C-alpha cells in the first residue's frame, strides 16, 4: 500500500537530481558560470539537493515491510547520482574554492556519505524482495 507513494517520491528525488545536474552542466558550458536556475549554489542545493537526499530515505522507511526490487533500484540510482555529483564537486574543487572562498571538500564528504547510505538502503530493499 505504501509502495506507490514510495516509488513516486523516489522518482521525484531522481528528477530533482537530474535537473540539478543539468543546471550545473549548463553553468559550466555557459560563459557566466550560472545555470538556467536563477539562484546561487546554496539555494539550489537546499531546494533541489536536500529533498533529493531525504526523499529516498523516507521512501525506504515507509515501504520497509513491502518488497520491491524496482524501488531498491531507484534508491540506488538516487544514491549514485548524489555520489557522482559529489565527485564532480571534488574534481572541480580548486576552481570552486577560488570562486566561493570556502572549502568544497568539507561540504562534499557528508554528501558522499548520504549517497552511500542510500545505496545501502537500496541494496537492503532488493535483498528483502
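The values are calculated or read from the model by the stated rules, or taken from the named source; none is laboratory data. As the structure is a prediction and not an experimental result, all values here were calculated from the model. Cβ placement follows ideal geometry from the backbone for every residue including glycine, while neighbour counts extend to all protein chains displayed.
Do the conditions hold for residue 50, that is, is it out of contact with any helix residue (DSSP H, G or I) (no Cβ under 7 Å at 6 or more places or on another chain), surrounded by fewer than 19 Cβ atoms within 10 Å (Cβ to Cβ) and at pLDDT 80 or above?
Here the answer is yes, as residue 50 does meet what is asked.
Would you mind finding the one in 85, 79 that is modelled with pLDDT of 85 or more, over 20 Å from residue 8 (Cβ atoms), part of a helix (DSSP H, G or I) and in contact with a helix residue (DSSP H, G or I) (Cβ under 7 Å, 6 or more places away or on another chain)?
From the options 85, 79, the qualifying one is 85.
Out of 39, 61, which single residue is under 26 Å from residue 109 (Cβ atoms), over 15 Å from the mean Cα position of the chain (by Cα) and at pLDDT 90 or above?
61
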